[in-house]
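Chemist: One structure, as structure tokens, below. Some questions next.
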């Protein structure tokens, strides 16, 4: 039979989005690009026709995720885990079916394989087995259209056995150290990028410069492509070393030997750009290098508007005014060496841009050699203060800019802090007591006019009693939305249990759903809160208020 042409995830580029390889035994074990490149007519004669309904259902599930706006990087992750599942199916000669009970049995066998690999044979890490089993369970549950209380992960031995490492608050000393490491890396990347100019790339190698650390010490740095460096470090003067010294002489053209310098400069600039703007790496990799417009915002900021790649609409980000000239120099550098590429950062493959992944090895190796701590941009992308002083060139920044930096840091820095937590709790409890469901409350229960007759009267003992209480106040915060979503998830599980309840779960679920919908409709910020909360619930990341109760239900 000819190759099926209707099994590709819509609007997604890349060989991985074509699921037809899952119809061929062993197709999941081969890199998609090589599989389709080498596939012949004979390849498609071996299609397992009984799998077609399952693969079509998987395609429909992925298409639905595309329609509802799931990121390409997330889709790629889901597809990768499903591909692992298909490899296991091939290796064990499993006959796939869309029958709910049969597919559940197949998943439980796969889950047992994951459990045995990690907990018994210890061939893989427990976290790897957990993510594999969990993500496959989520995809299969959606393919089967199972309700929230009947997801396959609730029956997973691997998911139940895995316990996450608890997030702990960061002491004042540790928090200061983290910021110090981030600042050191920011300074280093700025100085590295400053040294690798158009002129120095063509000039004598190594490129020599000084990097200034936050504490004022000076670090001499020597920049040379890895291949040339290894030849120069040879103990004996041989042909290889002679060749390397010749390659280090000034030149008029850029060959393969000096190409790593371009990548090193762009990686350093990417780190600075992400720290500066606070946007994520996947978005930065999609921005096109043309049509930037600058709009002043107050005394210290520029709002920059450009375009995402492949006409995906505008991309806006905010930069400090001191960064604008550096940003323009970056554009000039890329224009010179990559005139045929439209990307602002042409250092990722097409697949890498879609998934938001990039190889930092060249920069990481340079940083390690110079004893500079490496912190991935995804960890500290919201921290702008780490390189602000270096960018401005003025150690005595204005009070206004310093204050602005503290505000941005306070809003976006994600690691828990004992000092900030103690202060925030003290002020919050002083002004706004918190109810059992983490809402605002004045501890004076009184029924609302719309309270159904079948629900419990407002009280400060039962959580559901808060929902029809006049003293209840919704809080405009992401944590509160997370609490509401987790509470609703708990009630969905309770509703599926054959027990007698004091409070009708369906009424509580409806009330909580209405609240979440209200947040979703309120504005873009609160809509993202709801989406993030629901995503956390899918991943089993529950709000601390309800976590222990949910763990009890899921362990039954």
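The values are calculated or read from the model by the stated rules, or taken from the named source; none is laboratory data. What you see is a predicted model; the values in this text were computed from it and never measured. Methodologically, a virtual Cβ is constructed for each residue, glycine included, from the backbone with ideal geometry; neighbour enumeration extends over all protein chains shown.
Chemist: Have a look at 363, 344, 330 and point out the one that is at pLDDT 90 or above and over 19 Å from residue 223 (Cβ atoms).
Modeler: Exactly one residue qualifies, and that residue is 344.
Chemist: For the stretch 259-289, which positions are in contact with a strand residue (DSSP E or B) (Cβ under 7 Å, 6 or more places away or on another chain) and either surrounded by fewer than 20 Cβ atoms within 10 Å (Cβ to Cβ) or not in a helix (DSSP H, G or I) (or both)?
Modeler: 279, 283, 287, 288, 289 - these are the residues of the stretch 259-289 that are in contact with a strand residue (DSSP E or B) (Cβ under 7 Å, 6 or more places away or on another chain) and either surrounded by fewer than 20 Cβ atoms within 10 Å (Cβ to Cβ) or not in a helix (DSSP H, G or I) (or both).
Chemist: Okay, moving on. Collect the residues in the stretch 147-160 that are surrounded by fewer than 18 Cβ atoms within 10 Å (Cβ to Cβ) and either part of a loop (DSSP other than H, G, I, E, B) or modelled with pLDDT of 90 or more (or both), keeping them in residue-number order.
Modeler: Hits for the stretch 147-160 are 147, 155, 157.
Chemist: Hey, another quick one. Could you count how many residues in the stretch 47-62 are within 25 Å of the chain's Cα centre (by Cα), closer than 18 Å to residue 5 by Cβ and surrounded by 15 or more Cβ atoms within 10 Å (Cβ to Cβ)?
Modeler: The total comes to 3.
Chemist: Okay, next question. So, of the residues in the stretch 192-209 that are free of Cβ contacts under 8 Å to residues at least 40 places away in the same chain and under 34 Å from the mean Cα position of the chain (by Cα), which turns out to be nearest to residue 258 (Cα to Cα)?
Modeler: Only one residue tops the list, namely 195.
Chemist: Return the only residue of 44, 34 being in the same structural domain as residue 83 (by TED's automatic domain parsing), more than 34 Å from the chain's Cα centre (by Cα) and surrounded by 10 or more Cβ atoms within 10 Å (Cβ to Cβ).
Modeler: 44
Chemist: Sticking with this structure for a sec: Listed residues 524, 538; which is modelled with pLDDT of 75 or more and out of contact with any helix residue (DSSP H, G or I) (no Cβ under 8 Å at 6 or more places or on another chain)?
Modeler: Selected residue: 524, the only one of 524, 538 that is modelled with pLDDT of 75 or more and out of contact with any helix residue (DSSP H, G or I) (no Cβ under 8 Å at 6 or more places or on another chain).
Chemist: Inside the stretch 111-136, can you point out the residues that are more than 20 Å from the chain's Cα centre (by Cα) and either in the same structural domain as residue 541 (by TED's automatic domain parsing) or in contact (Cβ under 8 Å) with a residue 24 or more places away in the chain (or both)?
Modeler: Once the filter is applied, which keeps residues that are more than 20 Å from the chain's Cα centre (by Cα) and either in the same structural domain as residue 541 (by TED's automatic domain parsing) or in contact (Cβ under 8 Å) with a residue 24 or more places away in the chain (or both), the stretch 111-136 yields 111, 112, 113, 114, 115, 118, 119, 126.
Chemist: Still on this structure, please answer the following. If only one of 108, 96 is outside any helix (DSSP H, G or I) and either surrounded by fewer than 18 Cβ atoms within 10 Å (Cβ to Cβ) or in contact (Cβ under 8 Å) with a residue 12 or more places away in the chain (or both), which one is it?
Modeler: 96
Chemist: Return the only residue of 29, 39 being surrounded by fewer than 16 Cβ atoms within 10 Å (Cβ to Cβ) and touching a residue at least 24 places away in the same chain (Cβ under 8 Å).
Modeler: Only one candidate passes the filter, namely 29.
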